[in-house]
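The values are calculated or read from the model by the stated rules, or taken from the named source; none is laboratory data. Note that the coordinates shown come from a computational prediction; the quantities given were computed from them, not determined experimentally. No Cβ is skipped: glycine too gets one built from the backbone with ideal geometry, and neighbour counts run over all protein chains shown. Surface areas here come from the heavy atoms of the whole protein model, side chains and all, with no ligands, DNA or RNA. Shrake-Rupley method; radii C 1.70, N 1.55, O 1.52, S 1.80 Å.
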Amino acid sequence: MSHLDVAIAGGGIIGLATALELAAAGRKVTAFDKGEAMSEASRAAAGMLAGNDPENPRELRALARLSLALYPEFLSSVERLSGVRVPIRTTRTLQGVKHATASTHILSEAEVQVLAPGADTTGWHFFLLHEQSFDAWDLAECLPTAVRAAGVELRDRTSIVSVRENKTGVHLDTTAGAFSASSFLNAAGAWSPQLDPSLPVVPRKGHMLTAELPGPVQMDCVLRTDNVYIVPRGQGRYTIGPTLEDAGFDKEIYADRIHGLFQKAIDLWPVLRDARIAETWTGLRPGSDDGLPILDRTGDHRWVATGHFKNGIMLAPGTARVVSQWILGAKPSIDLSPFRCARFDTAAVSS
Ligand SMILES: Cc1cc2nc3c(=O)[nH]c(=O)nc-3n(C[C@H](O)[C@H](O)[C@H](O)COP(=O)(O)OP(=O)(O)OC[C@H]3O[C@@H](n4cnc5c(N)ncnc54)[C@H](O)[C@@H]3O)c2cc1C
């Protein structure tokens, strides 16, 4: 039976970003994916690094701050290792809110129209965030190459079927045979409870579409409300999302959902009436009971990093840093208590 230093279940952004950190620290890492790496939620994402979205829970702040600070280093190491650059597509977001707070600088209608010509602002107050986005498909194309170049063994189309802890590590049964490993990380996204059944994580489905507008580029900043977002991709392409649905592991694309989403985008930015739908897709966010990530040590040799819900792209470098610190025996550089499994026991006792 082959022995692995660190085994990771899941070749999404959380598993692969952590694999990169551990490889940089000299660990021999093997990451398994039941399908192709970066083909699930991490490819479906809009790619917004929305660390300052007013919808974000307060508990995310420290992890978001760390992750955003690590992003330039993360993308440049992916570029160095893969030879492919992930271009930043937008650097500004117009965030719409129903009720303005005193501390927010609300833009005038004229200011909004400069940034998003033609936007229908009825019922919304907009403010400006200096926030970046990239195309998740760009990262999905090069992160697996980067990880392999860093010395990580990436085993696509290999499911981890079960994990048993013993005195010295873990025993893994996979569809490619049995392995032992000194440490194990469950980063299997929406599927993570299949390996740790007590995890309160479910798939939260999102429909997305990309629309194409003929002619010159008409908007180069993200236009976002709590209802819909429109993310420019360059060359007249705009990614529109999302829906939020509880549909189990169903990934089918339904016409009424796409139609509803597109209509919301047209209501916000009527310019899109002239657009054609170029692509449609769905993805399954890993959603925990309280919507926060679950980052924890679940045994002497086992860790979990899942439940990143709407923000897993933004939170990946920070998650990778703290989880790898923990696996390497160091103290994680931020307080992870909001993300530990014990919070669900407390909720059960107090309810
Ligand atoms: C529509 C949509 C829009 C989003 N937009 C954004 C955004 O703009 N910004 C942002 O920050 N986040 C966004 N997100 C959230 C983000 O995509 C997720 O939080 C993130 O991708 C989760 O990463 P992950 O690695 O945990 O999961 P995944 O990418 O789903 O990866 C998990 C992997 O584990 C594999 N796996 C599962 N079980 C096993 C097993 N037993 N053995 C081996 N492999 C296994 C799967 O095949 C999968 O590849 C969005 C998500 C969706 C769906």
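What residue, among those in region 326-344 that are touching a strand residue (DSSP E or B) at 6+ places or on another chain (Cβ under 6 Å) and in a helix (DSSP H, G or I), is farthest from Gly206 (Cα to Cα)? Give the derivation first.
Initial filter on region 326-344 (touching a strand residue (DSSP E or B) at 6+ places or on another chain (Cβ under 6 Å)): 327, 336, 339-341.
Subsequent filtering for residues that are in a helix (DSSP H, G or I) retains 327, 339.
Working: Ile327: 32, Phe339: 23 Å.
Ranking the qualifying residues of region 326-344, first place goes to Ile327.
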How many residues does region 173-222 contain that are more than 30 Å from Glu279 (Cβ to Cβ), out of contact with any Ser or Thr (no Cβ under 7 Å at 6 or more places or on another chain) and aliphatic (A, V, I, L, M)?
-> 3
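Condition check: under 30 Å from Pro72 (Cα atoms) and either without any contact (Cβ under 8 Å) to a residue 60 or more places away in the chain or of a type in the set (Ser, Thr, Tyr) (or both). Does Val217 satisfy that? Spell out the reasoning first.
Details: under 30 Å from Pro72 (Cα atoms): yes; either without any contact (Cβ under 8 Å) to a residue 60 or more places away in the chain or of a type in the set (Ser, Thr, Tyr) (or both): yes.
So Val217 passes the test.
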Would you point out the residue of region 184-212, among those that are near the ligand (Cβ under 7 Å from one of its atoms) and over 18 Å from the mean Cα position of the chain (by Cα), that is surrounded by the most Cβ atoms within 10 Å (Cβ to Cβ)?
-> Leu195
If the Cβ limit is 8 Å and pairs must be 6+ apart or interchain, which residue in region 97-118 that is in the same structural domain as Met219 (by TED's automatic domain parsing) pairs with which residue that is among the charged types (D, E, K, R) and at pLDDT 95 or above?
-> Leu115/Arg92
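Would a scan of region 295-304 turn up a residue that is among the aromatic types (Phe, Trp, Tyr), in the same structural domain as Pro338 (by TED's automatic domain parsing), outside any strand (DSSP E or B) and within 24 Å of Arg61 (Cα to Cα)? Walk me through how you get there before you give the answer.
Just the residues of region 295-304 that are among the aromatic types (Phe, Trp, Tyr), to begin with: 303.
This time we only want the ones that are in the same structural domain as Pro338 (by TED's automatic domain parsing), so: 303.
Going one step further and asking which of them are outside any strand (DSSP E or B), we end up with none.
Scanning region 295-304 turns up no residue that is among the aromatic types (Phe, Trp, Tyr), in the same structural domain as Pro338 (by TED's automatic domain parsing), outside any strand (DSSP E or B) and within 24 Å of Arg61 (Cα to Cα).
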Would you pick out the residues in region 248-292 that are open to solvent by 20 Å² or more (accessible area, probe 1.4 Å), part of a helix (DSSP H, G or I), in contact (Cβ under 8 Å) with a residue 12 or more places away in the chain and more than 30 Å from Ala305 (Cβ to Cβ)?
-> Gly260, Phe262, Lys264, Asp267, Pro270, Val271, Asp274
May I ask you to list pairs of residues, at least six apart or on different chains, whose Cβ atoms are under 7 Å apart, with the first in region 69-86 being over 18 Å from Ala140 (Cβ atoms) and the second being outside any loop (DSSP other than H, G, I, E, B) and not hydroxyl-bearing (Ser, Thr, Tyr)?
-> Leu70/Pro317; Leu70/Gly318; Leu70/Arg321
Conditions (1) touching a residue at least 24 places away in the same chain (Cβ under 8 Å); (2) more than 24 Å from Gly241 (Cα to Cα); (3) surrounded by fewer than 18 Cβ atoms within 10 Å (Cβ to Cβ); number of the one not met by Thr158 = (3)
Of all residues in region 172-183, count the ones that are over 26 Å from the mean Cα position of the chain (by Cα), of a type outside the set (A, V, I, L, M) and more than 11 Å from the ligand (Cβ to nearest atom).
-> 4
For Val323, the lone unmet condition from (1) under 19 Å from Pro203 (Cα atoms); (2) surrounded by 20 or more Cβ atoms within 10 Å (Cβ to Cβ); (3) in contact with a strand residue (DSSP E or B) (Cβ under 9 Å, 6 or more places away or on another chain); (4) not small (Gly, Ala, Ser) is (1)
